[in-house]
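Read the structure below first, then the notes.
The values are calculated or read from the model by the stated rules, or taken from the named source; none is laboratory data. The shown structure was predicted, so the numbers you read here are calculated from the model rather than taken from an experiment. Heads up, the Cβs are rebuilt from the backbone with ideal geometry, glycines too, and the neighbour counts pull from every protein chain shown. Surface areas here come from the heavy atoms of the whole protein model, side chains and all, with no ligands, DNA or RNA. Shrake-Rupley method; radii C 1.70, N 1.55, O 1.52, S 1.80 Å.
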Amino acid sequence: MAYLMIHFWPGGTEDQYRTTLAEVHPGGELPPGQLQHVAGPTDGGFLISVTWDSKASADAFVSGTLMPAMPVDGGLTGHPEERTAEVVNSQAA
């Protein structure tokens with residue numbers, strides 16, 4: 001079942017996001033199991049929404065790639081506010 005992760009980085013900036021993304025998504029490619037990656041600035045910080053093919057793929061990325069890389073010099077710092085959910089509906093234009 002698809003799995004949704006949403007992270008809000010309070011005080012995060014686009015430059016910090018792009019620096020972090022370059023480290024954890026080398027070559028601009030999505031990691032295995034990541035179906036969609038959407039991000040943008042919002043009031044008070046930076047918001048990232050990612051859809052995975054499964055919770056197992058999300059967990060593997062977080063524990064095997066993201067957390068070992070953090071903190072990225074010049075990247076997002078601290079801990080994001082996180083929400084997750086098993087996807088029950090996904091639509092695209």
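When segment 1-21 is filtered for residues that are in contact (Cβ under 8 Å) with a residue 40 or more places away in the chain and aliphatic (A, V, I, L, M), the ones remaining, listed by number, are 1, 2, 4, 5, 6. Note on segment 38-83: residues that are touching a residue at least 40 places away in the same chain (Cβ under 8 Å), surrounded by 13 or more Cβ atoms within 10 Å (Cβ to Cβ) and assigned to a strand (DSSP E or B) total 6. Total residues in segment 63-93 satisfying the condition of being at pLDDT below 95 and of a type in the set (A, V, I, L, M): the figure is 7.
Selection within segment 25-37: residues that are touching a helix residue (DSSP H, G or I) at 6+ places or on another chain (Cβ under 8 Å), open to solvent by less than 40 Å² (accessible area, probe 1.4 Å) and in a loop (DSSP other than H, G, I, E, B). The member of this set that is nearest to residue 10 (Cα to Cα) is 31. With respect to the conditions (1) part of a helix (DSSP H, G or I); (2) under 12 Å from the mean Cα position of the chain (by Cα), residue 19 lacks only one, and its number is (2).
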